[in-house]
Amino acid sequence: MGGIARPFSQEAELKRALRSHLHNLGFTKDEAGDLVLPGAGKEVIRKLHRGQRRERLVSSQCFLERALPRTLPHFADGNELEPRAITLALRPVLSGTIEADIFRVATLTWSVPVSVGFGRRMRYLVWDEGHDRLAGIIALGDPVYNLSVRDNLIDWTVHDRAQRLVGILDAYALGAVPPYNLLLGGKAVACLIRSREIFEDFRRAYGGTVGVISGKAKGANLVAVTTTSSMGRSSVYNRLRLEGTDYFESIGFTEGWGHFHITDALFERMRLFLRERNHAYADKHKFGEGPNWRLRTIRAALSALNFNENILRHGIKREVFISKLASNALEVLRTGAEAPDICGLRTVTEISDLARDRWLVPRAERGEIDYRAWQRDMIPKLIKGRIEMPRATLAQTG
């Protein structure tokens, strides 16, 4: 005589959900328990992000219904662009404005979900004043605390990093939107990071920053910006140079650890699991903890579940780049003894002129891709995944 089936415990259900999620993504395990990628290449990476992207779109439906009618006219049709007239400028993004809505719509076109950022944030629309259209977006936020290739480059001790990490931001969203990406606009947008306006905006907003770790006033200057390619190796940031000046330099690759493949829904179930056990990480999230808190929370949940922590070793090694706003950036970050040398910083207008003549106009004249065929009315389909983002080198981080 069969007994009554008992419901799975919360712990068993969460374990089953984790295994099912990883299986659906195509991961397998090796003998050591590490995850094995279901293939290689950028399409595999896009597939691994689809769960998070789907969640983001579902949660954004009401926003899109409200915002698309008034934001779509600010995107360009390809046939209205005259490449020699493109003039890029930075428009700061403030919450609750039309600029914030345009920024959010642009991020939803990315195949890799864009983070909301953590701690200090500087967000911009990259605006083509020659056509009064959106060309791209930039978002800078607090960097991750542990990044070995960055820390080795600077030659930081743990103490040094705690004292001077305040002088770095990370570009967590950086790219051109169509049709500008088809004209190599991603390269132009990336170069604007190393501009006098970005340096001065940071000084005004955060020059009096008190360090989260040390609790001391820093007198901070932004001397470097890091970014990480969302698609492994990047063809956009490599050899990104204007008139002999490097705007981004490759400094190595991440180690293939992280939590991007853990969806928000699974993460919230982990938090609930920890909360019911009165674990401190369930709700310990405040300024300065950022993405490290999310990683620590996931690790705490895996440990409590007796689940192999190696599922965080997803194996995708992303290329890391640094843009030095000060010519002596590494010395400033290493010792803190020198004032930043920003004599070589160009203005946004100067960079725009150089980038237009270096990449955008020649690309258009070569006729390698029909940027004029792009229509702004394709944006909703792009957001819904019914068409793919045109793939001419797009600078994109997630």
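Every read-out reported here was derived from the displayed coordinates using simple, explicitly stated rules and does not represent laboratory data. Computed from a predicted model, the values in this text were never measured in an experiment. Note: ideal-geometry Cβ built from the backbone for every residue, glycine included; neighbour counts use all protein chains shown.
A Förster radius of 45 Å combined with the Cβ-Cβ distance from Lys15 to Asn328 puts the calculated FRET efficiency at roughly 0.30.
In sequence order, segment 181-195 has phi-based couplings of 5, 6, 9, 6, x, x, 5, 5, 4, 4, 5, 5, 4, 8, 10 Hz under the Karplus curve 6.51 cos²θ - 1.76 cosθ + 1.60, θ = phi - 60°, and Gly or Pro positions carry x.
Peptides 52-61, 22-31, 297-306: what's the order by average Cβ count within 10 Å, highest mean first? Show your work: numbers first, answer last.
On the way: 52-61: 14.5, 22-31: 12.6, 297-306: 17.7.
Ranking, from highest mean packing down: 297-306, 52-61, 22-31.
For the pair Ser59 and Ala280, the difference between a 0.36 nm per residue extended length and the Cα-Cα distance amounts to 76.8 nm. Quick one: Debye curve from the alpha-carbon atoms of segment 64-179 only, equal weights, vacuum; give me log10 I(q)/I(0) at q = 0.15, 0.16, 0.20 Å⁻¹ to two decimals. The computed values of log10 I(q)/I(0) come out as -0.74, -0.80, -1.05. Assuming charge only on the beta carbon of Lys and Arg (+1) and of Asp and Glu (-1), the dipole of segment 96-170 about its Cα centre is about 220 debye to the nearest 20.
Working ranking of peptides 176-187, 362-373, 128-139 by packing, defined as the average number of other Cβ atoms within 10 Å per residue, highest first, is 176-187, 128-139, 362-373. So for the pair Ala337, Asn146, with labels modelled 7 Å out along Cα→Cβ, what separation do we get in nm? It works out to 3.0 nm between the two label points.
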